[in-house]
Amino acid sequence: MSELSELTGKLEGAFSGRLVSVILYGSAASADFKEKTSDLNILFVVKEITPRELGEAEPILKWWRELGNPSPLLMSEEEVYNSADSFPIEFGDMKRNRKVLYGLDVIADLEIHPTHYRAYVERELRAGVFRLRQQGAQALSNPVALLKICVASVPTFCVLGRHVLLLAGLDAPADRRATVRALGATLSIDTRPFDIFLDVREEVPGVEATNMAELFALYLEGIRKIVEFVNGLEESK
């Protein structure tokens with residue numbers, strides 16, 4: 001992809017002699033890559049981070065975001081080697097699906113403690129539920145605004161749901177649709193809200209999100225079952 005080559009070139013030019021690694025991770029680095037919907041998640045690592053590095057990174061990060069991509073994760077070598085338990089989802093995704101675009105594979109030897117991993121996934125799920133409820137409560141009488149909130153949240157819950165499946169030792173494909181199907185089958189979730197919100201996000205022709213109050217309630221119920229399931233993984237040990 002030309003965007004990735006251009007990004008790598010810009011980083012090499014800005015951090016000559018200080019750039020350690022540039023890594024593409026997540027679904028874009030897997031067999032499930034879809035050009036229109038897969039985010040280009042990037043980790044770039046430099047020897048150290050000072051105000052100088054931040055200043056040199058600013059125009060590159062701005063350019064990358066203006067292309068519609070998520071902000072790259074900027075870390076020092078020391079932070080990578082000592083942060084795996086603080087960012088188990090991100091580093092877990094990197095370990096499963098990654099492509100080294102430049103430099104060293106700084107992810108290969110990282111270890112993630114399973115207890116930290118489970119607790120982090122549950123915390124992120126609960127935080128996501130709290131945010132969704134708070135935002136939704138202010139938009140229940142506005143179907144357009146409520147739909148926008150749900151569509152913005154569904155990729156995050158798909159990612160977290162996939163990590164719940166991984167924690168349970170189940171097949172967890174990187175594709176969001178496949179993740180939703182697996183969650184529906186495993187947890188007896190009504191997946192219609194997830195499918196509809198993904199359709200809207202991906203601009204599938206002819207999709208209509210009618211009766212948003214009902215869809216929102218079903219969506220919250222599905223997420224509640226996911227939270228209960230991951231909490232049960234701790235209790236069963």
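Nearest 10 degrees, 0 to 90: what angle lies between the long axis of helix 192-201 and the longest principal axis of the chain (Cα atoms)?
For helix 192-201, the angle is close to 50 degrees.
What is the log10 of I(q)/I(0) for the chain, computed with the Debye formula using one identical point scatterer on each Cα and no solvent, at q = 0.07, 0.16, 0.18 Å⁻¹?
-0.26, -1.20, -1.35
List the aspartates and glutamates whose Cα sits under 12 Å from the Cα of K47, skipping any in the same chain fewer than 8 residues away.
E77, E78, E79
Scaled to the compact-protein estimate 2.2 N^0.38 Å, what is the alpha-carbon radius of gyration of region 2-103, rounded to two decimal places?
Details: Rg = 13.2 Å, N = 102, 2.2 N^0.38 = 12.8 Å.
Rounded to two decimals, the normalised Rg is 1.03.
For region 1-158, what is the charge dipole size about the Cα centre, in debye to the nearest 20, if Lys and Arg each add +1 at the Cβ and Asp and Glu each add -1 at the Cβ?
On the way: 18 positive and 22 negative charges, 146 e Å.
About 700 debye.
Counting residues in region 94-159 as N, plug N into 2.2 N^0.38 Å and put the Cα Rg over that result. Intermediate values should be presented prior to the final figure.
Numbers: Rg = 17.4 Å, N = 66, 2.2 N^0.38 = 10.8 Å.
With N residues counted in region 94-159, Rg over 2.2 N^0.38 Å equals 1.61.
Report the dimensions of region 114-235 along its three principal axes from the alpha-carbon atoms, largest first, rounded to Å.
40, 28, 20
State to the nearest 20 debye the size of the charge dipole of region 93-187 about its Cα centre, where the only charges are +1 on K and R beta carbons and -1 on D and E beta carbons.
Dipole magnitude for region 93-187 comes out near 360 debye.
Hand me the trypsin sites (Lys or Arg not before Pro) from region 118-174 located in a DSSP loop with no more than 14 other Cβ atoms within 10 Å, in residue order please.
Numbers: sites: R118, R123, R126, R131, R133, K148, R162; in loops: none.
Hits after loop and neighbour filter: nothing returned.
Starting at the first residue of region 53-62, write each ³J(HN,Hα) from the Karplus equation 6.51 cos²θ - 1.76 cosθ + 1.60 with θ = phi - 60°, in whole Hz, x for Gly and Pro.
Values per residue, Gly and Pro as x: 5, 5, x, 6, 7, 3, x, 6, 5, 5 Hz.
With each run of n ≥ 4 DSSP H residues scored as -39500 (n - 2.57), what mean residue ellipticity at 222 nm is computed for the chain after dividing by its residue count and rounding to the nearest 500 deg cm²/dmol?
On the way: 9 runs with 139 residues, N = 237.
Taking each H run of at least 4 residues, the total per residue is -19500 deg cm²/dmol.
So which GluC sites (Glu not before Pro) in region 88-138 pass both tests, a DSSP loop state and at most 11 other Cβ atoms within 10 Å of the Cβ? Before the final figure, lay out the partial values.
Working: sites: E90, E111, E122, E124; in loops: E111.
Qualifying residues, ordered by number: E111.
Taking θ as phi - 60°, what are the ³J(HN,Hα) couplings along region 89-96 by the Karplus curve (6.51, -1.76, 1.60), each to the nearest whole Hz, with x for Gly and Pro?
Listing the rounded values in order: 5, 4, 6, x, 4, 5, 5, 7 Hz.
Explain nothing, just compute: Karplus ³J(HN,Hα) = 6.51 cos²θ - 1.76 cosθ + 1.60, θ = phi - 60°, for every residue of region 128-134 in order, whole Hz, x for Gly and Pro.
x, 5, 4, 5, 5, 4, 4
Going by how many other beta carbons lie within 10 Å of each one, how would you line up D199, D39, fewest first? Can you show the working numbers first?
Working: D199 17, D39 14.
In order of increasing Cβ crowding within 10 Å: D39, D199.
Only the coordinates and a few stated rules stand behind these numbers; no lab work does. What you are looking at is a predicted structure, and each value in this text was computed from that prediction instead of being measured. Cβ sites come from the backbone with ideal geometry, for glycine too, and all protein chains shown count toward neighbours.
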